[in-house]
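Here the structure is laid out as structure tokens; the discussion comes afterwards.
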Amino acid sequence: PLAFVSGQTTAEAGIRLARGEPPLLTVNSELHRVSIDLPPPCKKSAEESLHLSLAMPLADGSMPLSLDLGEQLKFRLNVANGVVRGGGLGINEEPPPAQEGFLSVTGHTPLIQGDEWLGFVTKYFGKGEPQAPAQSDAPPPTDVVSQEYLATGSGDHAGNMPVAPLGIVIDELQAGALVILQQEVQDVVFSMELDRARWRVSLASDWLRGALSVARDGGPSNLQIDHLDLD
């Protein structure tokens, strides 16, 4: 689910031990030579520095992983058997509760590049929706985590791993400006959700409230306007 991060860097890792608790893995890095291909203003080039802080308990079963990028992005991911099952991303605030099969995004930011978010979801999350594991004879796609499990001989865990990408739900993300369909709207609350057939984008500002549903197969789209102040 983190395919939008690429590169190699140095990191400081440690193990914290406390009586009655599982060991806690901590990782810190400035991410030199690592690029993060998120939409602006969250995008990071390989030449820039951005502090990463990660904490994850080392225990069997489900493990909550906390990952902070700078002061702006806070991920909370549910990890089970080495696979991210769901999570939340908070932009400039604490992340929302994790939902199984989805990455939920909320928070506030000066700018939302809506068109670039749509492209981001399409590029890195397949079709932007959870899919059932492949049932054909062809081998399913794998990721870095499943390769690691196979390499360490944990075949029982690897065989149960889902191969589907996480879906994305953007829930009432507040922005000083939203650029969507090559148009800019000021002071807006923006939401987006996906299903197998459509994108659903809704926004609310002081002069416009409505929702746009776009058919993903090129069919008819639907625009619902709840409030429009032409002045």
Those residues of the range 55-111 that are under 15 Å from the mean Cα position of the chain (by Cα), of a type in the set (A, V, I, L, M, F, W, C) and either closer than 26 Å to residue 23 by Cα or open to solvent by less than 20 Å² (accessible area, probe 1.4 Å) (or both) come to a total of 14
Out of all the residues in the range 28-45, which are over 15 Å from residue 11 (Cβ atoms), open to solvent by 30 Å² or more (accessible area, probe 1.4 Å) and in contact with a strand residue (DSSP E or B) (Cβ under 7 Å, 6 or more places away or on another chain)?
35, 40, 41, 43, 45
The range 1-24 residues that are more than 25 Å from residue 80 (Cβ to Cβ), paired with ones that are open to solvent by 60 Å² or more (accessible area, probe 1.4 Å) and assigned to a loop (DSSP other than H, G, I, E, B) (beta carbon under 8 Å, 6 or more apart)
7/33; 8/33; 9/30; 9/32; 9/33; 10/32
Number of positions in the range 163-197 that are modelled with pLDDT under 75 and over 17 Å from the mean Cα position of the chain (by Cα)
2
Filter the range 212-228 for residues that are at pLDDT 95 or above and open to solvent by less than 70 Å² (accessible area, probe 1.4 Å) and give the result.
227
Return the residue satisfying two criteria in turn: it lies in the range 1-33 and is under 20 Å from residue 91 (Cα atoms) and hydrophobic (A, V, I, L, M, F, W, C), and of such residues it is modelled with the highest pLDDT.
31
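The values are calculated or read from the model by the stated rules, or taken from the named source; none is laboratory data. Quick caveat: nothing in here was measured; it's all calculated off a predicted structure. Cβ atoms come from the backbone with ideal geometry, glycine included; neighbour counts cover every protein chain shown. Ligands, DNA and RNA are stripped out before the accessible areas are found, and what is left, the full protein with its side chains, is counted by its heavy atoms. Shrake-Rupley method; radii C 1.70, N 1.55, O 1.52, S 1.80 Å.
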